[in-house]
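Contents: one structure, followed by commentary.
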Amino acid sequence: MDKLEFLKTAKPFNVLSEEVLLGVVELLQEVRYTKDTPIYHQEVTKMRGVDIIAEGEYEAFFYDSEQNKRVIELHHTGYCYGGVSVLLNRKKSLRSVIAKKGTVVYFLHRKDFRALCQTNEEFFQFFTAEFGKRMMDDEYAHFVKRPTTFEQNYIASDQLYSRKIESLEYRTLVSSAHDTPIYEAARWMSAQKVSCLFVKDDRGNIIGYVTDITLRDNVVARQVDVQAPISSVMDNPIVSISTQAYVYEAILLMFRTQTRYLLIEEEGQYLGFISRNKLLSEQAQSPFMFIQSVKLARSVEELRRRWQKVPEIVYQLLSRGVKPEIVNQVITTVSDTIALKVIEGVIDEMGTPPAKFAFIVLGSEGRKEQTLKTDQDNAIIYEDKANEQRELVRAYFLKFADQVSERLDMIGFSFCTGGYMAKNTKWTHSLSHWKRNYVAWIKEPDPDKVMKFAAFFDCRFIYGEPAIVDELREFLDEELQKPLGRFLYHMANNAMQYVPPLTYFKNIKTYTVGTQEVFNIKKAMTPIVDLVRVHALQNRIFKTNTGERLEALMAQGVFTETEYQELMQSYYYLMSMRLKKQAVQIINDKALPENLIDIRSLTKIEQVTLKEIFKTIANFQTNIKVKFTNALFG
């Protein structure tokens with residue numbers, strides 16, 4: 001399409017001279033959108049500029065408090081969206097906008113758009129006149145004067161949780177060779193007008209990246225010779241994500257890996273990259289800005305205050321229909337971020353550790369299934385050192401573990417009543433000691449050892465040297481290929497310890513606590529976690545999350561599609577009920593959260609659903625009992 005000829009027909013650009021339009025053509029950026037891509041959200045998105053529709057269609061509307069679309073308008077080729085928002089609404093989008101399939105727009109940055117408004121009165125008056133006409137419509141004026149707040153209108157249909165990476169506008173990769181001198185790399189960044197430069201090895205593989213912050217912290221602050229190769233100061237890790245992943249997954253991945261940039265990958269090829277700031281800037285009121293505020297906290301007291309805010313976020317997300325597995329991930333990411341801040345703070349005070357180590361989390365935190373009633377489940381694995389250093393290394397990590405646990409307790413993660421935490425001297429050991437632990441638990445299983453193994457099979461690395469955990473997993477993988485009949489039998493037996501709370505007549509079994517008739521929802525969920533873990537163990541699946549394990553087991557044919565759906569829906573229905581109950585207790589009752597559900601607080605539909613879920617769990621327990629008892633006796 002000839003952009004100049006196109007602009008001559010697009011209002012109000014048609015009032016500008018050809019000389020001015022030639023300048024505008026040079027400033028336009030072409031952007032393409034796939035089917036039903038959400039572009040702007042009323043009173044939330046900060047407008048970077050204006051869009052002129054070249055092909056396709058924009059659907060613009062207001063959300064009311066019930067998530068209904070109001071004052072719907074369709075805009076076609078030649079329409080300019082965003083002018084009124086930039087000029088008259090504090091740069092925030094007045095309406096919500098979704099681009100239809102095959103839409104192409106020419107984007108003009110707001111500084112260039114404003115320059116046109118300042119130099120051409122007729123061009124400027126077009127937007128003020130358009131706004132004036134629209135305000136004659138009572139319904140339109142109602143939403144402009146009294147916009148529904150973000151709290152009321154957005155997360156319910158929050159496209160963040162359904163929007164894929166492929167719908168985002170990502171940046172082109174700019175790279176240089178690993179042996180490029182630092183000063184040349186900096187010049188190249190300046191010439192390309194980028195703040196992130198990717199570094200490639202001799203085979204063209206990306207091995208790191210350099211940013212403006214890298215140059216400040218790793219070069220200027222350390223007075224590094226600018227003739228040195230750029231690879232000597234580059235940052236890691238290199239983290240990529242598929243175009244088919246969701247936006248929320250990308251943000252969580254960035255927080256989890258502590259990277260500021262994600263490579264966008266499709267079929268083994270890198271298409272571009274996106275920054276954390278770019279993703280977060282579009283989520284002004286989302287939980288991810290809250291996670292960013294946790295990351296910026298400077299004291300234990302500030303972290304404690306942040307953790308106390310989590311129940312409100314959990315309740316809002318669940319109330320607006322966000323899946324409980326996503327809510328789990330939000331809680332886990334906040335928890336991990338707090339743990340990382342605490343660990344880094346203790347290391348700053350104690351000095352560099354005398355050995356490489358890995359800080360791991362266990363149990364529900366290891367499975368990324370944390371709730372609001374949570375305690376500490378963690379351990380430390382450090383590298384083996386020569387005899388003369390062993391005591392020194394051990395003394396450091398025991399003191400380190402004690403300080404980390406104490407601070408986490410102050411923040412709100414209470415000490416584990418079972419002692420499954422690094423503060424316990426049994427759970428801070430060398431890599432070789434941990435290997436011996438695993439062998440002992442497998443070879444001589446009893447209920448206590450099986451519980452320990454279960455907790456540590458769910459372990460997840462969060463800080464330190466990931467290679468240490470990788471080596472332990474490889475060792476365990478070899479051990480799990482040996483005959484396991486007796487061990488698997490005990491693991492399966494462990495999955496039978498909690499039976500679904502059903503009476504003989506298939507009603508929900510309760511017990512009395514004060515004036516309430518309750519059942520323990522955590523114990524009701526435990527069999528699913530346990531039986532999925534046993535199957536994961538038998539099939540040497542090292543994913544820790546229950547949902548991810550189920551998906552992998554279905555892929556291997558261990559569970560059918562129907563069985564997978566039954567267990568997934570059962571588990572996350574219970575998880576949603578559990579999280580909401582705990583959030584209400586903390587917010588409304590100002591009470592400590594618990595896992596007891598009063599049967600009389602549930603609707604008839606909820607009670608019927610629970611009965612079906614408990615029957616499903618009972619059936620799976622029967623199957624596992626037969627399967628692994630037979631395995632024991634051959």
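Among residues of segment 236-253 that are in contact (Cβ under 8 Å) with a residue 12 or more places away in the chain, those with a beta-carbon under 8 Å from a residue that is in a loop (DSSP other than H, G, I, E, B) and basic (K, R) at least six positions away or on a different chain give the pairs Y246/R163; V247/R163.
Within segment 575-602, the set of residues being over 22 Å from Y504 (Cα atoms) and of a type in the set (V, I, T) comprises V584, I586, I587. Going through (1) touching a residue at least 24 places away in the same chain (Cβ under 8 Å); (2) surrounded by fewer than 22 Cβ atoms within 10 Å (Cβ to Cβ); (3) within 20 Å of F453 (Cβ to Cβ) one by one, K399 falls short only on (3).
Residues that are buried (at least 18 other Cβ atoms within 10 Å of the Cβ), of a type in the set (F, W, Y), outside the structural domain of I380 (by TED's automatic domain parsing) and touching a strand residue (DSSP E or B) at 6+ places or on another chain (Cβ under 7 Å) are absent from segment 472-489 altogether.
Kindly establish whether Q258 is assigned by TED's automatic domain parsing to the domain that holds E184 and on the phi > 0 side of the Ramachandran plot. Judged against the criteria, Q258 is a match.
Taking the condition more than 25 Å from A467 (Cα to Cα), surrounded by fewer than 19 Cβ atoms within 10 Å (Cβ to Cβ) and touching an Asp or Glu at 6+ places or on another chain (Cβ under 8 Å), does R298 pass? Against the criterion (more than 25 Å from A467 (Cα to Cα), surrounded by fewer than 19 Cβ atoms within 10 Å (Cβ to Cβ) and touching an Asp or Glu at 6+ places or on another chain (Cβ under 8 Å)), R298 does not qualify.
Filtered by the rule that a residue be surrounded by 14 or more Cβ atoms within 10 Å (Cβ to Cβ), of a type outside the set (S, T, N, Q), touching a strand residue (DSSP E or B) at 6+ places or on another chain (Cβ under 8 Å) and assigned to a loop (DSSP other than H, G, I, E, B), segment 195-227 gives a lone residue, V226.
Can L263 be described as at pLDDT 85 or above, crowded, with 19+ Cβ neighbours inside 10 Å and under 28 Å from G49 (Cβ atoms)? Spelling it out, L263 is indeed at pLDDT 85 or above, crowded, with 19+ Cβ neighbours inside 10 Å and under 28 Å from G49 (Cβ atoms).
I380: surrounded by 22 or more Cβ atoms within 10 Å (Cβ to Cβ), in contact with a Ser or Thr (Cβ under 6 Å, 6 or more places away or on another chain) and assigned to a strand (DSSP E or B), yes or no? Break it down stepwise before answering.
Values: surrounded by 22 or more Cβ atoms within 10 Å (Cβ to Cβ): yes; in contact with a Ser or Thr (Cβ under 6 Å, 6 or more places away or on another chain): yes; assigned to a strand (DSSP E or B): yes.
In short, yes.
A Cβ distance below 8 Å, combined with a sequence gap of six or more or placement on separate chains, defines the contacts here; from segment 336-356, residues that are assigned by TED's automatic domain parsing to the domain that holds T374 and outside any helix (DSSP H, G or I) reach residues that are surrounded by 13 or more Cβ atoms within 10 Å (Cβ to Cβ) and basic (K, R) in the pairs P354/K385; A355/K385.
Anything in segment 68-85 that is over 18 Å from E169 (Cα atoms) and not in a strand (DSSP E or B)? List them, or say none. Break it down into steps so the answer makes sense when it comes.
Within segment 68-85, the subset over 18 Å from E169 (Cα atoms) is 68-80, 83-85.
The answer is N68, H76, T77, G78, Y79, G83, V84, S85.
Does segment 345-356 contain at least one residue that is buried (at least 22 other Cβ atoms within 10 Å of the Cβ) and either out of contact with any strand residue (DSSP E or B) (no Cβ under 9 Å at 6 or more places or on another chain) or aliphatic (A, V, I, L, M) (or both)? Within segment 345-356, none of the residues are buried (at least 22 other Cβ atoms within 10 Å of the Cβ) and either out of contact with any strand residue (DSSP E or B) (no Cβ under 9 Å at 6 or more places or on another chain) or aliphatic (A, V, I, L, M) (or both). As for segment 547-556, it holds at least one residue that is under 27 Å from K373 (Cα atoms) and out of contact with any helix residue (DSSP H, G or I) (no Cβ under 6 Å at 6 or more places or on another chain). Counting residues in segment 188-206 that are at pLDDT below 90, of a type in the set (D, E) and more than 27 Å from Q223 (Cβ to Cβ) gives zero. Can you run down the residue pairs with Cβ atoms below 9 Å, 6 or more apart or on separate chains, where the first is in segment 1-23 and under 19 Å from V104 (Cβ atoms) and at pLDDT 95 or above and the partner is surrounded by fewer than 13 Cβ atoms within 10 Å (Cβ to Cβ) and of a type in the set (F, W, Y)? Within 9 Å, no pair qualifies. Of M568, M554, M525, all but one fail to be out of contact with any Leu (no Cβ under 9 Å at 6 or more places or on another chain) and buried (at least 17 other Cβ atoms within 10 Å of the Cβ); the exception is M554. Could you please find all residues in segment 342-382 being at pLDDT below 90 and among the acidic types (D, E)? Matches in segment 342-382: D375 only.
Applying the selection to segment 1-50, what residues are aromatic (F, W, Y) and more than 16 Å from H76 (Cβ to Cβ)? Walk me through how you get there before you give the answer.
Just the residues of segment 1-50 that are aromatic (F, W, Y), to begin with: 6, 13, 33, 40.
Y40 - this is the single residue of segment 1-50 that is aromatic (F, W, Y) and more than 16 Å from H76 (Cβ to Cβ).
Residues that are assigned by TED's automatic domain parsing to the domain that holds D137, of a type outside the set (F, W, Y) and surrounded by 19 or more Cβ atoms within 10 Å (Cβ to Cβ): which strands (runs of 3 or more DSSP E) entirely in segment 1-67 hold 1 or more of them?
Working: elements: 29-33, 37-40, 49-55, 58-63.
Per the criteria, 37-40, 49-55, 58-63.
Evaluate the following for A454: is it in contact (Cβ under 8 Å) with a residue 60 or more places away in the chain and not aromatic (F, W, Y)? Even if it seems obvious, please write down each step before you answer.
Details: in contact (Cβ under 8 Å) with a residue 60 or more places away in the chain: yes; not aromatic (F, W, Y): yes.
Yes: the conditions hold for A454.
If a residue has to be on the phi < 0 side of the Ramachandran plot and either surrounded by fewer than 21 Cβ atoms within 10 Å (Cβ to Cβ) or among the hydrophobic types (A, V, I, L, M, F, W, C) (or both) to count, how many in segment 68-104 make the cut?
The qualifying residues number 24.
Residue check: Y248 meets all listed conditions (1) surrounded by fewer than 13 Cβ atoms within 10 Å (Cβ to Cβ); (2) within 26 Å of the chain's Cα centre (by Cα); (3) of a type in the set (S, T, Y) but one, namely (1). Of the residues examined, T119 is not one that is of a type in the set (V, I, T), at pLDDT below 95 and within 29 Å of the chain's Cα centre (by Cα). Restricting attention to segment 196-226, which residues are in contact (Cβ under 8 Å) with a residue 60 or more places away in the chain and not β-branched (V, I, T)? Listed by number, the residues that qualify are C196, F198.
Can you find a residue in segment 54-67 that is free of Cβ contacts under 8 Å to residues at least 12 places away in the same chain and of a type outside the set (A, V, I, L, M, F, W, C)? Checked segment 54-67: at least one residue is free of Cβ contacts under 8 Å to residues at least 12 places away in the same chain and of a type outside the set (A, V, I, L, M, F, W, C). Taking L592, is it over 25 Å from M496 (Cβ atoms), in contact (Cβ under 8 Å) with a residue 12 or more places away in the chain and either of a type in the set (A, V, I, L, M, F, W, C) or not in a helix (DSSP H, G or I) (or both)? For L592, the condition - over 25 Å from M496 (Cβ atoms), in contact (Cβ under 8 Å) with a residue 12 or more places away in the chain and either of a type in the set (A, V, I, L, M, F, W, C) or not in a helix (DSSP H, G or I) (or both) - is met. Of the residues making up segment 510-551, those that are within 20 Å of D477 (Cβ to Cβ), touching a residue at least 12 places away in the same chain (Cβ under 8 Å) and not in a helix (DSSP H, G or I) are N539, R540, I541, F542, T544, N545.
The values are calculated or read from the model by the stated rules, or taken from the named source; none is laboratory data. Keep in mind it's a predicted model, so treat the numbers as computed, not measured. Quick reminder, even Gly has a Cβ in these numbers, built from the backbone with ideal geometry, and neighbours come from all protein chains shown.
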